[in-house]
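Here is the structure we will look at.
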Amino acid sequence: MSIQTTQLRKTYNQDTDFPVHAVKQLDLSIEQGEFVAVMGPSGSGKTTLLNMIGGIDIPSAGTVIIDGIDICALKDKALIAFRRDNIGFIFQDYSLLPVLTALENVEFVMQLQGHSEKECRERAITLLDQVGLGEQLHKIPSKLSGGQQQRVAVARALAPSPRFVMADEPTANLDAKSTAELLDIMQQLNEKEGTTFIFSTHDPRVIKRARRVIVFEDGQLTEDRAQ
Amino acid sequence: MLIKLAWRNLWRQKRRTILTAMALALALVLSLFMRSMQEGSYANNIENSAKFSTGLIQLQHVEFEESQSIEDLLPATDEFIAPAREMDDVERILPRLESFALAAAGDKSKGVMVLGVMPALEDEYSSISDKVVEGEFIKADDSAVLIGQGLAEYLSLAVGDELVLYGQGYRGQTAAGLYKIKGIVHFPLPQLDNLLIYMPLPLSQTLFSTGEQVSAWVIDTRELTRLEQTLADLKRAYSSQKLKNKVNVRDWEDLAPEMAQQIAMDKAGGIFMMYLLYGVVGFGLFATILMMTLERYREFGVMMATGLVRAKLLGLVVLESSFISLLGVTIGLALGTPLVVWFHYHPIELTGETAEMMLELGWEPILPMLLSPWLFIDQILIVLGLMLLCLLYPLWRIYRLDLVTALKGGAHVN
């Protein structure tokens, strides 16, 4: 189970006099169970890369093959279903649904997969327990701290049992303590359940914990190292 | 979960939701009140006018509409009218014989309309005896007549005087007779006051030598709302093989087209005002739904990224809008229904010149309200239609929502 990109390219404003090349001819392979940090300065194309391999953005050229499936060739509905079942997302600003409780936020994505209410509830409680929020199940996001909200987001991303989790600068809004706690949780889940984590970040605390670091500059891969 | 989510989303902007629902409710109450009053007035006017002229429904000979001739008559027998009498919605049936004649007294004469009626039945229907200003009301076996005050003044006649009626009777026979004036009646409408002579039906049948025939059977329904059904029933009943192409069933709209046109125009004005009101409120609803959509572009993006299909996202927005509309309709009906019911049973009483004018016409000086389920259903359907209209553009925006753009920061990126 891997992610394979071949000659992946994303150009914005392609038909204008000023095209922006966000990702240039990228060949990349990420294996199941990796804990990868994609680092680089702002505007280097990190988020665009994550969006493309997460099936959110469509490449201008090249392919993204996950588990043998070319996700760029999938139609809208099939792509949504693929994303829902295989890829979890963690956003910088947590992006929880503000009117649902922590428990309901996690349950919601599972219900989209068609699981029974009981299954959703049990797994959501287990996951929230795992991220240390067993006591905060019924609180709405605004009653939780930033770190707690991001932990709910982690539980939500993991709820559908995805094989890959894309985290776009997940620690950008967190303090040192919350960052450390969050990284501990994600590292544990990575080791215990074999979920692949791919972060875009320029946070040295995240980079320090990653087992593989991909450096991105001006839309190109400039360094790919294991640590 | 979607229902729960939609309901809770409504209350994220509590004030906005309440204001929008209240605006809808207010529009519903106002238009319900206005339409109910309008329809109530029309019904009242139709019933009042019908009493003094055409009635709600008439059975006539099929040629009578064109010819207005004494030759085109219907039987005045029980057998003929039995099918109408059997109908539950029919409240009363009045036979009338109507023709024109020349009235003369002394050296003056004038063309008049002679109306042969069953006095007791007619009085029960239109309380015509209350309009007698001199003398007495006629009885079925009288050999006397009742004449309009204007006509009496023109011919210089008083109660007890005699007048000659001269005209054409059935099958070309001469219709002539000398009749004593038993009473003088005042009609507020000058065209009736200067033209009309009432006489008992048997006497008019003798005058015009029609035998047991009438020019019209006037039929009144228990409820105006049952008019259409009764009309259809009568048409069915009088289209049998035996009566086919002999009987014309006409309603008040056909009998008094000017009044029908006046009501149609007035109604169109009222409906235009109602739509104008809903149009203003509709912009408020549209703004709310659009804001609810645009300000949550990023949230929609996140939901789609985590697996919510577009159709369900559209469904979520439809649900939220439906909740607001339902809230508006519920509040509107809760406020509007008691109001309409109260004024239906306690109509607004008119005063001043308007009241005097109505009393003069023999009408009760009130503004009645119509209590009909269709008025309520119409308002609900209008609100739902308005909601669907307001949803079109926001739904189109969601349908076209680009996931990357939405995740980058929402509608403003577009």
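Could you list, ordered by first residue, the pairs with Cβ atoms under 9 Å in which the first is in region B:310-330 and in contact (Cβ under 8 Å) with a residue 24 or more places away in the chain and acidic (Asp, Glu) and the second is part of a helix (DSSP H, G or I) and surrounded by fewer than 16 Cβ atoms within 10 Å (Cβ to Cβ), at least 6 apart or interchain?
B:Glu320/B:Trp7
Among the residues in region B:286-296, are any at pLDDT below 85, assigned by TED's automatic domain parsing to the domain that holds B:Leu121, over 23 Å from B:Glu124 (Cα atoms) and among the aliphatic types (A, V, I, L, M)?
There is no residue in region B:286-296 that is at pLDDT below 85, assigned by TED's automatic domain parsing to the domain that holds B:Leu121, over 23 Å from B:Glu124 (Cα atoms) and among the aliphatic types (A, V, I, L, M).
List every residue pair whose Cβ atoms sit under 6 Å apart, with the two residues 6 or more apart in sequence or on different chains, where the first one lies in region B:89-100 and is acidic (Asp, Glu) and the second, anywhere, is surrounded by fewer than 17 Cβ atoms within 10 Å (Cβ to Cβ).
B:Asp89/B:Arg222; B:Glu91/B:Arg222
Let me spell it out: the conditions are (1) surrounded by fewer than 23 Cβ atoms within 10 Å (Cβ to Cβ); (2) over 25 Å from A:Gln32 (Cα atoms), and A:Phe108 meets all of them except one. Which number is the exception?
The single condition A:Phe108 does not satisfy is (1).
Go over the candidates B:Ala175, B:Ala152 one by one and state the one that is touching a residue at least 60 places away in the same chain (Cβ under 8 Å) and either part of a strand (DSSP E or B) or buried (at least 19 other Cβ atoms within 10 Å of the Cβ) (or both).
Details: B:Ala152 fails: touching a residue at least 60 places away in the same chain (Cβ under 8 Å).
Sole residue among the options that is touching a residue at least 60 places away in the same chain (Cβ under 8 Å) and either part of a strand (DSSP E or B) or buried (at least 19 other Cβ atoms within 10 Å of the Cβ) (or both): B:Ala175.
I need the strands (runs of 3 or more DSSP E) fully contained in region A:1-76, keeping only those with at least 3 residues that are within 14 Å of chain B (Cβ to nearest Cβ). Working first, answer last.
On the way: elements: A:2-12, A:20-31, A:35-39, A:61-66.
Those strands (runs of 3 or more DSSP E) span A:2-12, A:20-31.
Which of the residues belonging to region A:4-61 are free of Cβ contacts under 8 Å to residues at least 40 places away in the same chain, crowded, with 16+ Cβ neighbours inside 10 Å and at positive phi?
Across region A:4-61, the qualifying residue is only A:Gly55.
Suppose we keep only residues that are among the hydrophobic types (A, V, I, L, M, F, W, C) and free of Cβ contacts under 8 Å to residues at least 40 places away in the same chain within region B:1-18. Which one would you say is nearest to the other protein chains (Cβ to nearest Cβ)?
First pass over region B:1-18, keeping only residues among the hydrophobic types (A, V, I, L, M, F, W, C): B:1-3, B:5-7, B:10-11, B:18.
With free of Cβ contacts under 8 Å to residues at least 40 places away in the same chain added as a condition, the list becomes B:1, B:11, B:18.
Working: B:Met1: 5, B:Trp11: 8, B:Ile18: 17 Å.
This residue is B:Met1.
When region B:292-302 is examined, which residues are found to be surrounded by fewer than 18 Cβ atoms within 10 Å (Cβ to Cβ) and in a loop (DSSP other than H, G, I, E, B)?
Listed by number, the list holds a single entry, B:Glu295.
Which ones in region B:308-324 are facing chain A (nearest Cβ under 7 Å) and surrounded by 20 or more Cβ atoms within 10 Å (Cβ to Cβ)?
Matches in region B:308-324: B:Leu308 only.
Within 14 Å of chain A (Cβ to nearest Cβ) and either closer than 30 Å to B:Ala406 by Cβ or loosely packed, with under 15 Cβ neighbours inside 10 Å (or both): is that true of B:Ala305 in this structure?
yes
Conditions (1) part of a strand (DSSP E or B); (2) outside the structural domain of B:Glu63 (by TED's automatic domain parsing); (3) in contact with a helix residue (DSSP H, G or I) (Cβ under 9 Å, 6 or more places away or on another chain), marked per residue:
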| site | (1), (2), (3) |
| --- | --- |
| B:Gly211 | no, no, yes |
| B:Trp217 | yes, no, yes |
| B:Arg226 | no, no, no |
| B:Leu231 | no, no, no |
| B:Leu234 | no, no, yes |
| B:Asn245 | no, no, no |
| B:Asn248 | yes, no, yes |
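Take B:Lys267 and tell me if it is part of a helix (DSSP H, G or I) and within 13 Å of chain A (Cβ to nearest Cβ). Show your work before the answer.
Numbers: part of a helix (DSSP H, G or I): yes; within 13 Å of chain A (Cβ to nearest Cβ): no.
Considered against the rule, which asks whether it is part of a helix (DSSP H, G or I) and within 13 Å of chain A (Cβ to nearest Cβ), B:Lys267 comes out as no.
Check region A:86-93 and report whether any residue there is under 17 Å from the mean Cα position of the chain (by Cα), within 7 Å of chain B (Cβ to nearest Cβ) and not in a loop (DSSP other than H, G, I, E, B).
Yes, because at least one residue in region A:86-93 is under 17 Å from the mean Cα position of the chain (by Cα), within 7 Å of chain B (Cβ to nearest Cβ) and not in a loop (DSSP other than H, G, I, E, B).
Give the residue, chosen from B:Glu356, B:Glu364, that is among the charged types (D, E, K, R), modelled with pLDDT under 90, under 30 Å from B:Pro188 (Cβ atoms) and out of contact with any helix residue (DSSP H, G or I) (no Cβ under 8 Å at 6 or more places or on another chain).
Just one listed residue meets the conditions, B:Glu356.
Go through region A:94-130 and give me each residue that's out of contact with any helix residue (DSSP H, G or I) (no Cβ under 6 Å at 6 or more places or on another chain), away from chain B (no Cβ under 11 Å) and within 22 Å of B:Trp11 (Cα to Cα).
Within region A:94-130, none qualify.
The values are calculated or read from the model by the stated rules, or taken from the named source; none is laboratory data. It should be emphasised that the depicted structure is a prediction, and the values quoted were computed from it without experimental measurement. Note: ideal-geometry Cβ built from the backbone for every residue, glycine included; neighbour counts use all protein chains shown.
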